[in-house]
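The values are calculated or read from the model by the stated rules, or taken from the named source; none is laboratory data. Bear in mind that the values here come from a model prediction, so they are computed numbers and not experimental data. Cβ placement follows ideal geometry from the backbone for every residue including glycine, while neighbour counts extend to all protein chains displayed. The area values use the complete protein model at the heavy-atom level, side chains included, leaving out ligands, DNA and RNA. Shrake-Rupley method; radii C 1.70, N 1.55, O 1.52, S 1.80 Å.
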Amino acid sequence: MLLAILLVYVVVLGILAVGVVGTVSSAKAQAVNLEQSLLNGEGDQARSQAAELSQSLTSLQAKTHGAVWSVASHLPFVGRDVRNVQALTDCAADLSQNALVPVVDGVAGMRLSDLVRDRAVDTEMLSSMRQSVVAASPVVVRSASTIAGLEPGVIGPLNEQLEIMRTPLDDAAHLLGDADQLFSMVLDMLGTGGQTRTYVLLAQTNADIRAGGGFPGSVGTVQITDGRAELGEFHSVSEVQGIVRANGFGASIGEDELAAFGDVLATDAAGCTLTPNFVRSGQIAKQQWENAYGFAVDGVIAMDPVFLQRVFGLIGGITAFDGTEVNGDNAAAELLHNVYMRYGFDEENGNDLEDAFFNDVAHQGSSKLLDIMGDFELDAFAQLWNIIRESGADHRFQVWMADETQQAFLHDMSLTGEI
């Protein structure tokens, strides 16, 4: 008798599951349409689609909390899987009602492509998004916590979906855990209110080994005022070194650092990456630049050829001054090997030509990224963020900020190169 009842429940549950799959498919299609409407700045349509998607997900929640599902949640073997599905639909309904709909109401009509245009972030538009996102952030954090606490059941595909959902939700929760502070910090980094933020860019080469990621052969700056970026020229580190030495300025280092690296760590513009701790590299580079050039430095950003190759793979390649094509397939080889083979045997002009090549690639690559970001769609921004995160994890892209709050945030994102 018990077995017969269980079989009936399994059959009924299967029938209900078919209905759930249909609702999920419909919700996915609605989500795709909503994303497109938001990207196109179609405000009224986006609001309507958000409401429809929320209704679908609320319906999905109701289906998985009916009598049959509730009984099935107590069954042996599959009970945990049923409870996991119920928890997922609870989170989906909560996110749609209390996060998605309010955020869409707040940002609908704004085009993502308008956020970054002509090398400038629209800080007013970013500020207007702030209230909606801040209000929705507790819902995201709550859902991430719920899903993180779910234990796997016996149905493999469901467990795989749980794992797939955990990572982006955890990332979003971590990012939005203090959304108001995050917006404030980002706006400050962008020089909101007429402030100018200056960042030193170190283009490193791993062909000349340094514990901090490579020899900073090309050095440049980017200044941001009210979200608008102005890229300075890149110079060979030897040019910078000449100014540092001419003015007799260096940086302050501790006795332990002096014993380990010598005074070259402080007095040589190329010595800042001798230490494996990029926090100290950033602090030393800041002191050197401020002493040599007389302007305040708010942060130091280092990148290597592998990071540049990943970026070129997203934005397309460039043509260097000597006609060399540098792109997402060959940037590392060109910067770490081929340039030395072309110019390394020229005793008179080889070093200058190598420096010119490094400067040109670094400047053109940075310039093209700033130019093309205005044409990015949502997936391109996501790809760029993934490149930054991947390159931060393997210390190919490292950032140090003078502001302690900003530095702590970047540390949590594993972008600061700390050991």
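Expressed as a whole percent, how much of the Cα-Cα distance distribution for the chain exceeds 35 Å? Here the tail beyond 35 Å accounts for 42 percent of pairs. Is segment 130-249 best put as rounded, prolate or oblate by its Cα gyration tensor, with a ≥ b ≥ c the root eigenvalues, rounded for a/c under 1.5, and otherwise prolate when a/b is larger than b/c, oblate when not? It is oblate, given that a/c is not under 1.5 and a/b is not larger than b/c.
Here the translational diffusion coefficient of segment 262-419 follows from Stokes-Einstein with Rh set to the Kirkwood radius across Cα pairs; for 20 °C and 1.002 mPa s it amounts to 125 µm²/s. What 222 nm value per residue comes from the helices of the chain, counting each DSSP H run with n ≥ 4 as -39,500 (n - 2.57) and dividing by all residues, nearest 500 deg cm²/dmol? Rounded to the nearest 500, it is -19500 deg cm²/dmol.
Using all pairs of distinct alpha-carbon atoms, the Kirkwood hydrodynamic radius of segment 250-290 works out to 9.7 angstrom. Counting Lys and Arg as +1 and Asp and Glu as -1 over every other residue whose Cβ lies under 12 Å from the Cβ of Ile253, the net charge comes to -4.
Accessible area per residue was computed with a 1.4 Å probe on protein heavy atoms; Ile243 scores about 60 Å². Specify the inter-centroid distance of segment 315-339 and segment 73-107, based on alpha-carbon positions, in whole Å. What the calculation gives is 48 Å, centre to centre. Positive contributions from Lys and Arg (+1) and negative ones from Asp and Glu (-1), summed over other residues with Cβ under 14 Å from the Cβ of Gln287, come out at -3. Protection proxy ranking for 276-282, 195-201, using the average of other Cβ atoms within 10 Å per residue and placing the highest first: 276-282, 195-201.
In this simple spin-label model, placing a label point 7 Å from the Cα along the Cα-to-Cβ direction at both Ile164 and Asn386 gives a separation of 1.4 nm.
As an equivalent ellipsoid, segment 49-115 spans semi-axes of 33, 11, 7 angstrom, where each value is the square root of five times an eigenvalue of the C-alpha gyration tensor, largest first. Rounded to the nearest 10 degrees, the inclination of helix 79-95 to the longest alpha-carbon principal axis of the chain is 70 degrees. Think of a 1.4 Å ball rolled over the protein heavy atoms: segment 260-375 then has 41 Å² of accessible area per residue. For segment 358-376 versus segment 164-221, the inter-centroid distance based on Cα atoms is 16 Å.
With only Lys, Arg, Asp and Glu charged, each at its Cβ (+1 for the first two, -1 for the last two), find how big the charge dipole of the chain is about the Cα centre; round to the nearest 20 debye.
Dipole of the chain, to the nearest 20 debye: 1780 debye.
Site pair Glu348 and Val68 shows an inter-label distance of 8.8 nm when each label is modelled 7 Å from Cα along Cα→Cβ. Here the label points at Ala259 and Gln36, each 7 Å from Cα along the C-beta direction, are separated by 6.7 nm in the simple model. Prolate is the label for segment 85-183, because the ratio a/c of its alpha-carbon gyration tensor axes (a ≥ b ≥ c) is 1.5 or higher and a/b is greater than b/c.
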